[in-house]
Amino acid sequence: MIVLDPEFAALLAPDARSLEGLMALNGAALRDVDGRRTFRIELGGRGFYVKQHSGVGWRHIAKSLSGLRSPVLGARTEWQALARLAELGIAAPRPVAFAEAGANPAGRRSVLVMTEIAPAISLEDIALGRVPLPGLTERRALIAEVAGIARTLHGAGINHRDLYLCHFLMPVDADGRRSGPLALIDLHRAQMRARVPARWLVKDLSALIFSAAPLALSRADRLRFLAAYEGKPWRHVPAERRRLWAAAAAKAARLTRRLGGPATGDTAAG
């Protein structure tokens, strides 16, 4: 199977418009793990990110299942998740090519090419002080926006599995001023179902709490986030939801003890 955006296809040589051709694309690897290689390319003066999946093997599948985790078998998960995010109005990279082949789930080969969101600043860069902290008004707007994205995502039955601030990108212009809505990236481990189980809600929410810790948000800002996510003031949140947030906070504390600082992507996979 292969799906190509016509504009992107026009940038490729004819022999590159196939699974083999897309698997032959190359660039400096940003990540190379578990049969998945991610790198950036430039074509026609534009940046794209390529994720090539060469097959994970039965050992990886067995390890994931034994830990009650869904194994990532290829690029299809992210391709489908990006399409769903577009339907929900959540900004994200736009897929311009997808191809896969192989009936054996352990050896399935696939590739996904996505548009680059650039220039952009990750919210992790803000949290860790790599870029200046926004003013109060913009900071509160970002808090509400992150909460809104998480609320929409979870309300649609999607959990990210790596919902750290490093996966939220804020587009900026040449002068470093914000130029668009927050975008969510790296959805290769996303899960989609009718309703997100409590376990996976806790994982996503704990990732946000953990990665936001360096910001030392005020109690008012934390309650502002909770209210935006829940759609009601904290005092009106039912007891079962409060227990879910308590579980998320406890898991975030365990992550801090284990990792000592904000995680990036697969670092805290689990």
The residue that is farthest from L201 (Cα to Cα), considering only those in the range 119-148 that are touching a Pro at 6+ places or on another chain (Cβ under 8 Å) and not in a helix (DSSP H, G or I), is P119
Across the range 199-229, the tally of residues that are under 23 Å from L259 (Cα atoms) and among the aliphatic types (A, V, I, L, M) stands at 11
Note on the range 183-201: residues surrounded by 22 or more Cβ atoms within 10 Å (Cβ to Cβ) and either small (G, A, S) or more than 17 Å from A83 (Cα to Cα) (or both) are A190
Considering residues that are touching an Asp or Glu at 6+ places or on another chain (Cβ under 7 Å) and either among the small types (G, A, S) or part of a strand (DSSP E or B) (or both), the number found within the range 85-108 is 2
Within the range 14-33, residues of a type in the set (A, V, I, L, M) and either in a strand (DSSP E or B) or within 14 Å of V113 (Cβ to Cβ) (or both) come out as A16, L19, L22, M23, A24, L25, A29, L30, V33
Only one of (1) among the charged types (D, E, K, R); (2) assigned to a helix (DSSP H, G or I); (3) surrounded by 16 or more Cβ atoms within 10 Å (Cβ to Cβ) does not apply to R161, and that is (2)
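Read-outs throughout are calculated quantities, based only on the coordinates presented, and are distinct from any laboratory measurement. Computed from a prediction, not measured in an experiment: that's the story for all the values here. Quick reminder, even Gly has a Cβ in these numbers, built from the backbone with ideal geometry, and neighbours come from all protein chains shown.
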